[in-house]
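Working notes, beginning with the structure itself.
Nothing in this text is a laboratory measurement; each read-out follows from the coordinates by a stated rule. Note that the structure is a prediction, hence the values are computed from the model and not measured. Every residue, glycine among them, receives a Cβ derived from its backbone with ideal geometry; neighbour counts consider all protein chains shown.
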Amino acid sequence: MNITVDELKHEIKVLILDTLKITDIKPVDIDNAEPLFGAGNTIGLDSIDAIEIIMALQKKYDVRLDDQNLARVILTSINTIAEFITKEKGLTG
Amino acid sequence: MNPIAYDHKMAAHCETGTVAALLNHSGMEITEPMVFGIAGGIFFGYFKTAQFTFPTFIVRSKPGQIRKNIEKLLGVKMGSSTFKDPVKAEAELDNLLDEGIPVAVQVDFFYMDYLPAWQRVHINVHFVTIIGRNGNKYLLSDIYYPKVVEIEKDTLRKGRFAGGSMAPNGFMFYIKSIPPKPDYEKAIRKGIKKAIFNMLKIPIPFLGVKGIEMFSRKITDWPKYARDEEHLSHEIMKINVLLEDQGTGGAGFRFMFATFLRQASEILKDNDLFEMSKRMMAIGDGWREISLHAARIGKKRELGPEKLKELSDMIRSRAEAEKEFFTDLKKLV
């Protein structure tokens with residue numbers, strides 16, 4: 001992958017918003033460290049959203065995130081997702 | 001007492017993950033998918049009986065079977081006990097800990113208070129491993145949680161002696177000994193044969209591939225069992241929970257079985273098994289599509305006959321794929 005970590009984080013935010021068809025939140029509104037799950041957070045994901053995001057990440061980045069227990073940890077925030085993809089795919093930028 | 005030097009790792013499922021971790025601690029190199037595969041864990045059963053108020057299904061062999069099959073097929077010796085008296089149960093646990101033996105205990109998941117409240121539901125068949133104690137607290141390794149935690153003695157007691165269906169009754173198990181040279185090749189072949197038997201040969205119309213076929217046929221009848229639309233949507237969304245969110249490793253244990261086949265192909269140096277592992281991964285992807293579809297239509301309350309027919313068709317395609325898969329797998333062992 002030839003993008004920087006910041007570009008990757010932006011890309012992940014866009015992917016999540018597009019996948020969940022969220023139109024009233026912009027990528028810039030999502031803090032990289034903010035928990036993605038639970039009421040009261042900017043996005044407030046639930047377990048069904050998690051499956052949608054897992055499948056979207058799998059398709060876009062060719063990474064497998066099969067186990068829900070681990071997925072829950074990896075999908076904690078934009079930072080943790082980016083960290084996972086960076087580790088799986090390698091990031092040169 | 002000093003805690004036992006125990007390598008805490010997260011895993012997919014509490015029984016397979018706990019058994020694998022205990023075996024690793026005892027010096028046996030074995031992965032969670034390998035435990036699952038050797039024990040013949042993959043399964044399917046569709047149930048509509050008086051015991052269940054609504055149709056349901058299972059995707060793995062019954063609780064406890066994994067542990068028993070690992071003992072039988074790998075020659076591992078395990079100790080286990082159930083108790084009526086919580087005081088005796090704690091005394092026995094403490095004795096084993098004093099001997100430096102980590103002990104898996106069955107608990108009601110609800111009492112595991114280190115987990116977030118939204119995650120905790122009453123499930124009586126959860127396993128955690130106790131690796132030490134500190135005053136009125138036990139040190140606990142739960143494969144669902146990223147790190148070792150402390151739990152109050154009283155809280156653990158509530159979990160170990162919760163009432164209801166499949167009550168734990170203080171059940172615990174631990175490793176007594178492992179074989180010096182486990183015959184993995186033989187165990188893997190037996191595990192695969194067991195999986196093939198479970199999925200293709202059990203002469204009961206709601207078990208194995210026949211169970212998936214029944215699930216496909218019957219799901220269009222689900223509205224008649226539901227009290228109202230709210231209830232139906234809840235049950236349809238539960239398909240996602242049962243396939244993805246119950247420690248299945250994703251896609252109703254199909255991904256875990258695929259990983260087992262990949263690892264088995266490396267041990268047996270059998271490229272055909274590697275190809276089968278890729279096929280099973282693709283079958284799992286199809287189950288995951290079912291999870292997602294069920295979750296979507298349940299959430300949006302789009303539960304008309306045409307949507308249930310779509311779900312039925314998707315499930316039938318899994319039945320066909322698994323029938324073909326296990327038939328082909330049979331030719332390799």
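Tabulated data for the structure shown
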quantity	calculated
Relative contact order [Cα under 8 Å, 6+ residues apart], segment B:115-260, whole percent	9 percent
Cα Rg, Dmax (largest Cα-Cα span) when computed across the protein assembly as shown, Å	22.1, 62
Whole-number D in µm² s⁻¹ for chain B, Kirkwood Cα-pair radius fed into Stokes-Einstein, 37 °C, 0.692 mPa s	157 µm²/s
For segment B:172-238 versus segment A:11-33, the gap between their alpha-carbon centres in whole angstrom	37 Å
Globularity ratio of segment B:92-233, using Cα Rg and 2.2 N^0.38 Å	1.43
Shielding by partners - mean other protein chain Cβ count within 10 Å, residues of A:72-80	1
Ordering of A:36-49, A:62-75 by packing [mean C-beta count within 10 Å, highest first]	A:62-75, A:36-49
Shape call, segment B:14-177: gyration tensor on alpha carbons, a/c limit 1.5	oblate
Proximal charge balance of B:Ile178 [Cβ under 12 Å; K/R count +1, D/E count -1]	+1
Taking the C-alpha atoms of segment B:233-333, convex hull volume expressed per residue in Å³	77 Å³
Signed unit charges on C-beta, dipole axis of the protein assembly as shown, positive-most listed residue A:Asn41, A:Ile51, B:Gly100	B:Gly100
Gyration tensor (alpha-carbon) shape descriptor, chain A, a/c threshold 1.5	oblate
Virtual spin-label span in nm between A:Asp62 and B:Glu230, 7 Å along Cα→Cβ	4.8 nm
Charge tally in the Cβ shell below 14 Å around B:Glu99, where Lys, Arg are +1 and Asp, Glu are -1, B:Glu99 excluded	-1
Relative frequency of Cα-Cα separations exceeding 24 Å in segment B:1-106, percent	37 percent
Total charge dipole magnitude, the protein assembly as shown, about the Cα centre, Cβ charges on Lys, Arg, Asp, Glu only, Debye to nearest 20	1640 debye
Residue exposure sequence - B:Arg60, B:Arg133, B:Arg296 - by fewest surrounding Cβ within 10 Å	B:Arg296, B:Arg133, B:Arg60
Which of A:Lys60, B:Lys323 has the fewest Cβ neighbours within 10 Å, and the rest in rising order	A:Lys60, B:Lys323
Residue order, fewest to most beta carbons within 10 Å, for A:Phe84, B:Phe255	A:Phe84, B:Phe255
Qualifying trypsin sites (Lys or Arg not before Pro) in segment B:141-177, DSSP loop, other Cβ atoms within 10 Å at most 11	B:Lys147
